Amino acid sequence: MLFFRRWQPVKAISFDLDDTLYDNGPHIARADAWMLARLRSDYLAGAMMDADRWLACKRQVLQQDPERCHDVSLMRKLSLQLALRQGGMEAGAAEGVAAELFEGFMAERSAITVPAASHELLAALARRYPLVAITNGNLDLVRAGLDGYFQGVYKAGEGQRMKPAPDMFVQAATELGLAPAEILHVGDHERSDVLGARLHGYRAAWLNQGGGDWRRLSQLPDLMLNRLDELGPLLLGHE
């Protein structure tokens, strides 16, 4: 643990989810593989779908409206519809199939393995602090077994822009009834989490499990963590 500012107690904690509380990459890769396999095996319109064609569909959907980048669920549904229409499926049918595939993807995507240490830390912190989640992703917290810890969950999409935009940080602080400086945001991403938190008045804890060089950051966090469990002694003392 490395401090960049004098530590002052906080009254609430916000957490990023993906790659902070669990390793997200393998789960997304597995869910994408499931989705592409279903497209190829179950639907004639998706028989030629592969990773390159899927990426091209996502790019086309984003080019049509760049603001869609703030809603990963909407992006996936629209990209699925486009892929099926390009394969010859009628638009109404493509919308229904895309919705079904999206639900299956979400089940796969949210079947994550959360380390026991993350569960233990969240349970201990939740006994002392209000906890909220602020995420650019679309994890189903119930399916993931993380729904019992947070008083509020803020996800990008449906008008809420992704971090580092202020939207979710402002809403969380408002609903907690706290000044941003009374909230510690914990996350792994240099821009979304560290920059986002600092720009909008939060305290910031950068989870740097990859050994990144803090001198490359555009904004310094209040502290840098090498492991998530380092939060326990800092925030809970000898509990």
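The values are calculated or read from the model by the stated rules, or taken from the named source; none is laboratory data. Note that this is a predicted model, so its numbers are computed, not measured. Heads up, the Cβs are rebuilt from the backbone with ideal geometry, glycines too, and the neighbour counts pull from every protein chain shown. Side chains included, ligands, DNA and RNA excluded: accessible areas come from the protein's heavy atoms. Shrake-Rupley method; radii C 1.70, N 1.55, O 1.52, S 1.80 Å.
Length gain on complete extension for the stretch residue 124 to residue 179, per 0.36 nm per residue less the alpha carbon to alpha carbon distance?
Values: separation 55, 0.36 × 55 = 19.80 nm, distance 2.32 nm.
Fully extending the segment from residue 124 to residue 179 adds 17.5 nm.
With percent of Cα pairs over 29 Å apart as the read-out, I listed (1) 34; (2) 52; (3) 43; which label goes with the value calculated from this structure?
(1)
For the chain, build the charge dipole from Cβ charges (+1 Lys, Arg; -1 Asp, Glu) around the Cα centre, then report which of 86, 113, 157 sits farthest towards its positive end.
Farthest towards the positive end: 157.
Region 15-103: which GluC sites (Glu not before Pro) are DSSP loop and have at most 11 other beta-carbon atoms within 10 angstrom?
Counting only loop positions with at most 11 other Cβ atoms within 10 Å, the GluC sites (Glu not before Pro) in region 15-103 are 90.
Regarding region 1-138, what are the three Cα extents along the principal axes, ordered largest first, in Å?
60, 31, 25
Rounded to the nearest 0.05, what FRET efficiency is calculated for residue 6 and residue 140 with R0 set to 41 Å and r the Cβ-Cβ distance? List each step's numbers first, then the result.
On the way: r = 39 Å, r/R0 = 0.95.
With a Förster radius of 41 Å, E is 0.60.
If you average the alpha carbon positions of region 114-174 and of region 13-89, how far apart do those two centres end up, in angstrom?
With region 114-174 and region 13-89 each reduced to a Cα centre, they are spaced 23 Å.
Compute, for the chain, the length of the dipole vector about the Cα centre, with Cβ point charges of +1 (Lys, Arg) and -1 (Asp, Glu) only. Units Debye, rounded to 20. Please list the in-between numbers first.
Numbers: 26 positive and 31 negative charges, 102 e Å.
Dipole about the Cα centre, nearest 20: 480 debye.
In region 148-235, which GluC sites (Glu not before Pro) are in a loop and have at most 14 other Cβ atoms within 10 Å, using DSSP for the loop call? Walk me through the intermediate numbers first.
Values: sites: 158, 175, 182, 190, 230; in loops: 158.
Answer by residue number: 158.
Enumerate the residues in region 31-48 having an amide nitrogen under 20 Å from the point lying 7 Å beyond the Cα of residue 62 toward its Cβ.
31-33, 35-36
Order 112, 134, most accessible first, counting only protein heavy atoms with a 1.4 angstrom probe. It would help to have the intermediate numbers written out before the result.
Values: 112 25, 134 0 Å².
My answer, sorted largest first, is 112, 134.
Once Lys and Arg get +1 and Asp and Glu get -1 on their Cβ, which of 176, 204, 14 lies farthest toward the positive end of the dipole of the chain?
So the residue we want is 204.
Do any trypsin sites (Lys or Arg not before Pro) in region 174-235 lie in a loop, going by DSSP, with at most 14 other beta-carbon atoms within 10 Å of their beta carbon, and if so which? Don't jump to the answer; show the numbers that get you there.
On the way: sites: 191, 198, 203, 215, 216, 227; in loops: 227.
Listed in order of number, the matching sites are 227.
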